[in-house]
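Read the structure below first, then the notes.
The values are calculated or read from the model by the stated rules, or taken from the named source; none is laboratory data. What you see is a predicted model, and the numbers here were worked out from it, not measured in a lab. So basically every Cβ, Gly included, is an ideal-geometry build from the backbone, and we count neighbours across all protein chains shown. Just the protein is used for accessible areas: all its heavy atoms, side chains included, with ligands, DNA and RNA removed. Shrake-Rupley method; radii C 1.70, N 1.55, O 1.52, S 1.80 Å.
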Amino acid sequence: MKGFVFNIDAILAISILVIFIAASFMLVARYSEDAYANMQTVRLDKDLLAVMEKSGTFALQNSSFIEETINSSLPHESGFFLKVDTYKQINGTFALVNSSQYGQPLPRETDIYWARRDFVTQEEWETEYNVARLWIW
């Protein structure tokens with residue numbers, strides 16, 4: 001009977017040790033991810049939208065130029081999806097008048113970072129309200 005109790009005690013001790021080691025490896029793997037890389041991607045996303053808006057790239061509505069501009073600004077092998085919605089104020093309400101999409105479809109199994117930029121464009125007497133959303137992976 002003494003041998004049985006010692007075996008259970010040893011199995012319990014080994015089980016606790018294995019759980020402790022597995023938890024340690026999980027915590028080390030979790031905290032070894034570079035949090036600044038994620039922040040840098042989000043800032044790149046926001047800066048890219050700001051530069052494209054200020055330089056008038058969105059106003060051109062040239063899909064190949066917009067895609068080329070984004071691809072040249074992203075790190076190698078990065079993907080993107082850009083959606084630009086244009087609204088006009090008609091009879092006191094905002095109405096969607098144009099929606100443009102650029103890039104690849106959003107993937108399902110990867111980390112995706114996104115940013116949004118709202119801006120106003122004025123053409124002669126018409127004011128357009130634009131919402132640009134950029135997803136990077």
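Summary of values
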quantity: Listed residues ILE90, ILE16, ILE70, most fluctuating in the chain (Gaussian network, C-alpha, under 10 Å); calculated: ILE16
quantity: Using distinct alpha-carbon pairs, which all enter the 1/r mean, Kirkwood radius of the chain in Å; calculated: 18.9 Å
quantity: Those GluC sites (Glu not before Pro) in the stretch 66-137 that DSSP places in a loop and that have at most 13 other beta carbons within 10 Å; calculated: GLU77, GLU109, GLU124
quantity: Helix 2-31 vs. the chain, principal-axis angle (Cα, 0 to 90°, nearest 10); calculated: 20 degrees
quantity: Among ALA29, ALA95, ALA13: highest mean-square fluctuation, GNM of the chain, C-alpha pairs under 10 Å; calculated: ALA13
quantity: DSSP-loop trypsin sites (Lys or Arg not before Pro) across the stretch 58-137, with at most 15 other Cβ within 10 angstrom; calculated: ARG108
quantity: Between helix 63-73 and the chain: long-axis angle, C-alpha atoms, 0 to 90°, nearest 10; calculated: 40 degrees
quantity: Heavy-atom accessible area order for TYR102, TYR129, TYR36, largest first, 1.4 Å probe; calculated: TYR36, TYR129, TYR102
quantity: For the stretch 78-116 and the stretch 37-57, distance of Cα centres in Å; calculated: 15 Å
quantity: Surface per residue (accessible, 1.4 Å probe) for the stretch 2-137, Å²; calculated: 75 Å²
